[in-house]
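Reviewing the structure listed below.
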Amino acid sequence: MAALTVATPLMAQDHGAMDHSMHQMPAADVAEPEVDHSQMDHGKMGEAEETAEPMDHSSMDHGKMDHGTAAPATVSIAESGPPNAADAIWGAEAMRASREAVYDEHGNMQLFWFQGDRAELRMRQGKDGYLWDVQGYYGGDLDKFWFKSEGEGSFGEPIEQAELQALYSRAIGPFFDLQAGVRQDLTGPARTHAVVGVQGLMPYMFEVDAAAFLSNKGDLTARIEAEYDQRLTQRLILQPRAEANLSAQDIPELGIGSGIDNIEMGLRLRYEIAREFAPYVGIEQEWKLGGSRDYARAAGEDASVTNYVVGVRFWF
């Protein structure tokens with residue numbers, strides 16, 4: 001077997017102090033002493049190797065060691081280079097088609113998503129009722145078309161409130177979209193609203209949906225919704241939810257006063273039979289405030305209502 005020799009000089013050698021005259025002597029004049037291997041105790045050699053003390057590297061002066069012969073570390077440009085590093089070699093125009101192909105295949109998939117966030121029956125004092133709150137979108141990572149609808153009413157009576165929104169959405173950050181579009185009221189006095197809002201995920205996983213509405217009658221209103229999913233188990237989820245509606249002016253025909261129109265706070269406990277289908281039970285309290293409270297009392301309605309709800313949340 002060929003021997004592998006690795007030379008690692010620890011200290012610089014002073015070749016000037018070496019006696020080079022020995023190298024000039026004829027080979028015949030330099031006789032090697034004969035060694036009688038028959039007199040050597042090879043067993044003790046093994047013992048000597050086993051009992052040899054390990055080298056104390058802590059006492060070595062590493063400052064005098066010559067590390068200049070060490071091979072430099074190789075760093076991949078994929079790990080340390082700038083984004084789009086290939087542009088420096090081939091040019092940005094030459095690489096543009098490749099970047100667009102990667103984006104189309106891996107980052108610009110067009111998806112359709114639909115969710116019934118709340119589809120529930122509401123038991124309360126007086127007449128029981130119902131509520132729906134659905135939304136969805138079609139689009140890619142950056143641009144989407146959103147649609148939303150919500151409404152409520154009491155059994156045996158006309159629908160109290162219903163609306164439909166169509167929005168263009170543009171991502172303004174990793175967790176938030178800016179939305180703009182139109183809202184059409186489907187009940188009551190006919191009104192169409194321009195909509196501007198944001199929707200996304202706040203720190204600590206709070207889902208937020210906030211929007212301002214400017215109607216064709218010049219009425220300016222706003223709505224803020226927030227909810228949070230607290231997982232108790234892998235399938236059992238407790239969801240606190242809050243909503244506030246505001247108005248910049250009185251709107252008597254809609255029974256809305258200026259300032260805070262109403263506040264809703266609820267708690268729902270749902271069980272995910274499947275991730276896409278989860279029935280729930282809960283309780284929600286609604287308060288009308290300010291001028292809206294006065295309008296409600298004048299119409300013979302309660303300004304504070306407690307709803308016990310049973311419903312289902314689904315998505316596909």
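What follows draws every value from the coordinates through simple rules; no lab data is involved. Computed from a predicted model, the values in this text were never measured in an experiment. All Cβ positions, glycine included, derive from the backbone under ideal geometry; neighbour counts span all protein chains shown.
Enter the mean projected area of the convex hull around the alpha-carbon atoms of region 101-208, in nm², rounded to one decimal. Mind showing how you got there, number by number?
On the way: hull surface 35.9 nm².
Computed as one quarter of the Cα hull surface, the answer is 9.0 nm².
Zone of K127 (label point 7 Å along Cα→Cβ, backbone N under 19 Å): which residues in region 142-178?
151-163, by backbone N distance to the label point.
So for region 84-126, taking the charge dipole from beta-carbon charges (+1 Lys/Arg, -1 Asp/Glu), which of G126, Q110, M95 sits furthest toward the positive end?
Result: G126, furthest along the dipole toward the positive end.
Which loop-located trypsin sites (Lys or Arg not before Pro) does region 240-316 contain, where loop means any DSSP state but H, G, I, E or B and the Cβ has at most 15 other Cβ atoms within 10 Å?
Answer by residue number: R275.
Rounded to whole Hz and in sequence order, give me ³J(HN,Hα) for region 125-132 from the Karplus expression 6.51 cos²θ - 1.76 cosθ + 1.60, θ = phi - 60°, writing x for Gly and Pro.
5, x, 8, 6, x, 8, 8, 10
Below 8 Å, C-alpha to C-alpha, sequence gap of six or more: please give me the relative contact order for region 209-316 in percent. Don't skip to the answer; put the middle values down first.
Working: 243 pairs, mean separation 21.1, N = 108.
Relative contact order of region 209-316: 20 percent.
State to the nearest 20 debye the size of the charge dipole of region 177-242 about its Cα centre, where the only charges are +1 on K and R beta carbons and -1 on D and E beta carbons. Each step should come with its number before you reach the end.
Values: 7 positive and 8 negative charges, 27 e Å.
Dipole about the Cα centre, nearest 20: 120 debye.
How large is the translational diffusion coefficient of region 218-270 in µm² per second when you combine the Kirkwood radius over alpha carbon pairs with Stokes-Einstein at 20 °C and 1.002 mPa s?
On the way: Rh = 12.8 Å.
Answer, rounded: 167 µm²/s.
Report, largest value first, the span of the C-alpha coordinates of region 154-212 along each principal axis, in whole Å.
Largest to smallest, the principal-axis extents are 44, 24, 14 Å.
Using alpha carbons only, how many angstrom separate the centre of region 170-216 from the centre of region 142-159?
Cα centroid to Cα centroid, the span is 13 Å.
As an exercise, use a Förster radius of 25 Å and the Cβ-Cβ distance of H106 and Q234 to find the FRET efficiency, rounded to the nearest 0.05. Before the final figure, lay out each step's value.
Values: r = 30 Å, r/R0 = 1.19.
So, using R0 = 25 Å, E works out to roughly 0.25.
Which listed residue (G218, T233, S304) has the Cα farthest towards the positive end of the charge dipole for region 159-316, taking +1 on Lys and Arg C-beta and -1 on Asp and Glu C-beta about the Cα centre?
T233
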